[in-house]
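Structure, as structure tokens:
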Amino acid sequence: MNGSERRRELLEWLGQAGFLSLAEIVTRFGVSKMTVHRDLEILEQRKALKRIHGGAAALESAPVASAEGDAAGEGCLICSRPANPHLHFTLLLRNGEQKTTCCPHCGVYACLVLGDQVGEAQTADYLTGRPHPVSESFFVLGSAAVPCCQPSMLTFDSEEMARRFQTGFGGVLGGFEFAVNFLKNSMAPHDHQSSGCPHCTGRLPEEPSTA
Ligand SMILES: [Zn+2]
Ligand SMILES: [Zn+2]
């Protein structure tokens, strides 16, 4: 198989898989890491894929999230970073307001802080950008892929994709409740609301009055 055949096959495979780790690609084609790196570089230059830490992800032609008229230009509720369609997290508050965060990390954090004010929350699939309810999402926590806040929290609407991602990038897999506890545990154990995550300090939303 020559280089262009290999790259075509790689793209087809990536289209089905959603993302691939370097190790998977090396094993499948029996080529060196260097060769894979070069292939990915070439394909990225052609805008055929996106290189991510330790592998490659398929590009989504039309992310659904951006078609939803989300508050453009409004940064993360927690840390003010700009939102990315593949990391988009939306909170629909009971008072009708809609808030977005930069990534599921801040999204889960916002759910923790806002508590009962949150009526519903949606998160984007990291690979496709498809929004889906957090209650149905599969969270990969603390993996080696850190596109935004730390510890990394990425969401997937397919359990299989989440598992495959976890195989390549590590971390732990669980549902929303698990993610909430994971975040609590990654913060100071005695008082999570005043310590916050490293990216969120100083920008806390007001606490709900529990009177
Ligand atoms: Zn944020
Ligand atoms: Zn973030």
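Amide H contacts of ALA83: CYS76, each under 5 Å away and 5 or more positions distant or on a separate chain (H built 1.01 Å from N in the peptide plane; Pro and chain starts excluded). Residues whose amide H lies under 5 Å from that of GLU120, counting only those 5 or more places away or on a different chain, are LEU92; hydrogens are built 1.01 Å from N in the peptide plane. For PHE19, the residues 5 or more places off, or on other chains, whose built amide H falls under 5 Å of its own are ALA58.
Order these by the 10 Å Cβ neighbour count, fewest first: MET153, MET1. Kindly include the intermediate steps, with their values, before the conclusion.
On the way: MET153 29, MET1 11.
The most exposed by this proxy come first: MET1, MET153.
On the principal axes of its alpha-carbon atoms, the stretch 85-157 has extents of 36, 22, 18 Å, going from largest to smallest.
Only loop residues by DSSP count here, and only those with at most 12 other Cβ atoms within 10 Å; note down the trypsin sites (Lys or Arg not before Pro) in the stretch 1-51 that meet that.
Working: sites: ARG6, ARG7, ARG8, ARG28, LYS33, ARG38, ARG46, LYS47, LYS50, ARG51; in loops: ARG46, LYS47.
Counting only loop positions with at most 12 other Cβ atoms within 10 Å, the trypsin sites (Lys or Arg not before Pro) in the stretch 1-51 are ARG46, LYS47.
Figure the gain on full extension for MET34 and ARG81 (residue separation times 0.36 nm, minus the Cα-Cα span) and round it to one decimal in nm.
Values: separation 47, 0.36 × 47 = 16.92 nm, distance 3.40 nm.
So the chain would gain 13.5 nm between MET34 and ARG81.
Remark: the stretch 97-112, residue by residue, has Karplus-estimated 3J(HN,Hα) of 6, 10, 10, 10, 10, 5, 7, x, 4, 5, x, 5, 4, 4, 4, 4 Hz, where x stands for each Gly or Pro and the curve is 6.51 cos²θ - 1.76 cosθ + 1.60 at θ = phi - 60°.
Laboratory data are not the source of any read-out in this text; all were calculated from the coordinates shown. Here the structure is a predicted model, which means the values were calculated and not measured. Note that each Cβ is placed from the backbone with ideal geometry, even for glycine, and that neighbours are counted across all protein chains shown.
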